[in-house]
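**Q** Next up is a structure, given as structure tokens.
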């Protein structure tokens, strides 16, 4: 697979327009910086928070923060309609990720969680602008593969750095590691800010409630959005429980958590290549459908996990589906929306992600305390919801084939 990938890269590179090659190189460099940042942050933040004494409710706040940010992103999208989006995105990434420079002064769970939460609220403001940028900087014929190649760099970096950070955290403090990661996070945003495309403000401003009108008038996108939200609800139901399972029940150390992160990153990287090609051949909607089905195995593996082995299986499928849904949802939006409607469709997607992301982690934490359900039962309920979401998306995909 690696030889095929490199051969395809060599043959395809010279056929790409110079401005696209430059954008791809800058996007790739930005992804490497971000890979270093996220390797230190995402895998270890909930575990560190738990060991600092954070309650399940505080960990739920970490999980819900990106969702709240997605709702705020809808307002940001409306504000930015007649403004250039790139400077705003770079500022949001720089300020949000730069907050981790404050970690040397933090030693208690509440300020630790507060920094993480505010970071996600700020960086989420860039969501709708980023989708528009992806559409503008890459031609449709190579977009899936270009995005996949960039993300291969990101996940390769994460695969290398996650276990390194896991080992370092067993020796050094997050108060040293996180500020170094923050510098890389800021550099990622600055590097992406150099890509060249027509970042032109819209001539007209859509009504703030235009995304809701999209939901009303586009029946197929409405069904897809509801299905995607149900599946996402099932996934996020267990998000705050995973660190509880790893720390409290399986009693894993930072090195073992880092190993799981590395496993996740390796499969994330490999399957970006797979899904990138399939997105270009079969479309984003088909890719989303397949990945929603595969997500079921994440919850089932965690449900049955008694040691590191089944936890590793869960992280394998997490990596596979992280790549597929990342490429899939962006390209699915482009399948549904006309060029001038991308922002509205993306804003609706972000809003629904936000609603489910706020409610699901809190509900999952509450259900854990219900007699007869417990921590493991929530993972089983998660699998049922994911299957339901997959079935609904499959109906939309079948309808798409019928129309075609």
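**Q** Rounded, prolate or oblate: which fits the chain, taking a ≥ b ≥ c as square roots of the Cα gyration tensor eigenvalues, rounded meaning a/c under 1.5, else prolate when a/b beats b/c?
**A** rounded
**Q** Using 0.36 nm times the number of residues separating residue 183 and residue 110, minus their current alpha carbon distance, what extension gain do you get?
**A** 24.0 nm
**Q** Can you give me the C-alpha center-to-center distance between the range 302-334 and the range 221-245, rounded to a whole angstrom?
**A** Measuring centre to centre over Cα atoms gives 12 Å.
**Q** At what distance in nm do the modelled label points of residue 91 and residue 197 sit from each other, each positioned 7 Å from its Cα along Cα→Cβ?
**A** Roughly 2.0 nm, to one decimal.
**Q** Could you identify which residue out of 377, 94, 189 has the top mean-square fluctuation in a GNM of the chain using Cα springs shorter than 10 Å?
**A** Of the options given, 377 has the highest mean-square fluctuation.
**Q** Fully extended, how many nm does the chain gain between residue 388 and residue 335 (0.36 nm per residue separation, minus their Cα-Cα distance)?
**A** Stretched out fully, the residue 388 to residue 335 stretch lengthens by 16.8 nm.
**Q** Indicate the gyration tensor shape class of the range 27-103 (rounded, prolate or oblate), computed on the Cα atoms with a ≥ b ≥ c the square roots of the eigenvalues: a/c under 1.5 is rounded; otherwise a/b larger than b/c is prolate and the rest oblate.
**A** Note, shape of the range 27-103 comes out oblate.
**Q** Let me ask you something else. Which of 268, 390, 172 moves the most in a Gaussian network model of the chain with Cα springs under 10 Å?
**A** Maximum among the listed residues: 172.
**Q** As a check on your grasp of the helix formula, calculate [θ] at 222 nm for the chain: sum -39500 (n - 2.57) over DSSP H runs of n ≥ 4, divide by the residue count, round to the nearest 500.
**A** Rounded to the nearest 500, it is -27000 deg cm²/dmol.
**Q** Which of the three applies to the range 220-270, rounded, prolate or oblate, going by the alpha-carbon gyration tensor with a ≥ b ≥ c and a/c under 1.5 meaning rounded?
**A** oblate
Every number here is computed from the coordinates shown, using simple stated rules; none is lab data. Note that this is a predicted model, so its numbers are computed, not measured. Neighbour counts run over all protein chains shown; Cβ positions are idealised from the backbone, glycine included.
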